[in-house]
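Have a look at the structure below, then the notes.
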Amino acid sequence: MEPILVYGFPAGSSMGLVAALEWLGQPYRLSRVDMLGEMREPSYARINARHETPALITDAGRPLTETMAIAAWLEARDSARRISFEPRSPEADRMHQLMAFINTGFTGAFTPLWAALEMENPDPELQENLRRFGRELVINRHDRLEAMIGDSSFLVGDRPSLADGVLIGVVRWLDYHGVAEPERWPKLAALRRRIEAEPAVIYATAIENGEHPAGSGANLGQVPLAEVIERFGA
């Protein structure tokens, strides 16, 4: 069977993995989940007990969660090195280093902002403190990533890799939370524009928005979430 990526909306980090699947070019399917609704239902725990996206149903029918684990699964199947690099090469090491930073410190910096936004019982004073703390963290992590970006067109070399996919799903949260103008970080802003102009990212964004664009042909269609849970849930 083809792997199935369970991706979230709105503004899910999983959008970048949809783009990575398009770059990879191997057959896959998608399953769409509303992160503010369906993902919180008890039944979703059969796919991911932490009620998060992304989740991947592998070609063996096993649920696999966590962005880095899914990226490693894709990398292991990228024999043509379309989204990765030769193992133990300097490029592979740099890709892994950047992915690790983006998936930990960079992504984690937004946690206070999401907590303030999604608070079930609003507490204005606490929310404002979370927003202030979150903005400081996000700006700091953007400063660090700006310093890590080199002179290549993408994060590693002159073509997109898994690192760019992991980045693009998250970096747009800067706008979502209104932290600062992207141009505050010129290298990161220019990199973001190049990634967002990629046909695979345009396609992934449209898919996230519930549209039905024409992609590479690798996506063989959507699988209803209820079917994914019934067939592959623990």
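For the reader, a short list of remarks on this structure follows.
- Rounded to the nearest 20 debye, the dipole size of region 109-234 about its Cα centre is 400 debye, using +1 on the Cβ of Lys and Arg and -1 on the Cβ of Asp and Glu.
- Accessible surface of the chain [probe 1.4 Å, protein heavy atoms]: carbon and sulfur percent: 52 percent
- Rounded accessible area per residue of the chain, 1.4 Å, Å²: 47 Å²
- Cα gyration tensor shape for the chain, rounded if a/c is under 1.5, else prolate or oblate: oblate
- Rounded if a/c under 1.5, otherwise prolate or oblate - region 62-105, Cα gyration tensor axes: oblate
- Percent RCO, i.e. relative contact order, over the chain, from Cα pairs under 8 Å lying at least 6 residues apart: 32 percent
- Total formal charge among the other residues, if their Cβ is under 12 angstrom from that of Leu98, Lys/Arg +1 and Asp/Glu -1: -1
- Top positive-direction residue, dipole computed over region 40-179 with Cβ charges, set Leu98, Ala60, Ile70: Ala60
- When +1 charges are put on Lys and Arg Cβ atoms and -1 charges on Asp and Glu Cβ atoms, the dipole computed for the chain relative to its Cα centre reaches about 420 debye.
- Paired Rg and Dmax values of region 100-191, which use every Cα atom, in angstrom: 14.2, 47
The values are calculated or read from the model by the stated rules, or taken from the named source; none is laboratory data. Note that the structure is predicted; figures quoted are calculated from it, not measured. So basically every Cβ, Gly included, is an ideal-geometry build from the backbone, and we count neighbours across all protein chains shown. Side chains included, ligands, DNA and RNA excluded: accessible areas come from the protein's heavy atoms. Shrake-Rupley method; radii C 1.70, N 1.55, O 1.52, S 1.80 Å.
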